[in-house]
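The values are calculated or read from the model by the stated rules, or taken from the named source; none is laboratory data. This is a predicted model, so every value here is computed, not measured. Note that each Cβ is placed from the backbone with ideal geometry, even for glycine, and that neighbours are counted across all protein chains shown.
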Amino acid sequence: MVEITREISIDTPKKQIYSYLIDYPSYPDYMLGVDSIKVGKKLDKLRSLVVYKVLMFGKEVTYTVKMTEKPFTGVSWKLHESEYLEKNSGGWVLTQAAKNQTDVIYNLSLELVFPVPSFLLRKHVNKQVDKMLEEFKTYCESQV
């Protein structure tokens with residue numbers, strides 16, 4: 001299992017970043033490794049089942065998470081269904097740092113159903129998350 005937390009500052013207002021985070025179908029436009037997303041069943045006003053298709057270790061992996069929106073402060077998710085993942089949970093936490101700057105905390109807990117040496121999984125996930133966050137920051141700041 002891998003658990004990671006990253007903190008970044010993005011020169012974009014918190015409400016704008018939140019609007020990107022809840023626009024799930026647009027994730028493939030700026031999140032590395034996400035091939036496609038389909039919003040499935042809406043559980044209530046703030047929770048939905050979201051189906052991800054990603055490339056992981058050279059294999060296409062599809063999984064469903066339960067996304068929970070926390071208006072203007074972030075989103076979180078928990079694994080609902082997957083053939084290859086034992087655990088996938090995490091979230092984004094947004095804090096307005098200045099008028100047009102937001103501090104973002106991203107956390108992820110991931111475990112596969114098949115054995116992968118933890119140092120390899122950690123290396124792969126750290127690399128992917130760092131690239132994804134850099135792409136997300138660039139996307140947010142280019143939209144201002």
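Among the residues of the range 70-110, which ones are of a type in the set (Gly, Ala, Ser) and either closer than 27 Å to Lys59 by Cα or in contact with a strand residue (DSSP E or B) (Cβ under 7 Å, 6 or more places away or on another chain) (or both)?
Gly74, Ser76, Ser82, Ser89, Gly90, Gly91, Ala97, Ser109
Would you mind stating whether Asn126 is under 28 Å from Gln16 (Cα atoms), at pLDDT 95 or above and surrounded by 13 or more Cβ atoms within 10 Å (Cβ to Cβ)?
So Asn126 fails the test.
Could you identify the single residue in Asp103, Asp29, Asp35 that is part of a strand (DSSP E or B) and either out of contact with any Asp or Glu (no Cβ under 9 Å at 6 or more places or on another chain) or farther than 18 Å from Val125 by Cα (or both)?
Just one listed residue meets the conditions, Asp103.
Could you say which residue among Ile4, Ile17 is closer than 22 Å to Gln128 by Cα, part of a strand (DSSP E or B) and touching a residue at least 24 places away in the same chain (Cβ under 8 Å)?
After ruling out the rest, the residue left standing is Ile4.
Looking at (1) of a type in the set (A, V, I, L, M, F, W, C); (2) without any contact (Cβ under 8 Å) to a residue 40 or more places away in the chain; (3) surrounded by fewer than 16 Cβ atoms within 10 Å (Cβ to Cβ); (4) within 16 Å of Leu110 (Cα to Cα), can you tell me which one Phe57 breaks?
Checking Phe57 against (1) of a type in the set (A, V, I, L, M, F, W, C); (2) without any contact (Cβ under 8 Å) to a residue 40 or more places away in the chain; (3) surrounded by fewer than 16 Cβ atoms within 10 Å (Cβ to Cβ); (4) within 16 Å of Leu110 (Cα to Cα), the one that fails is (2).
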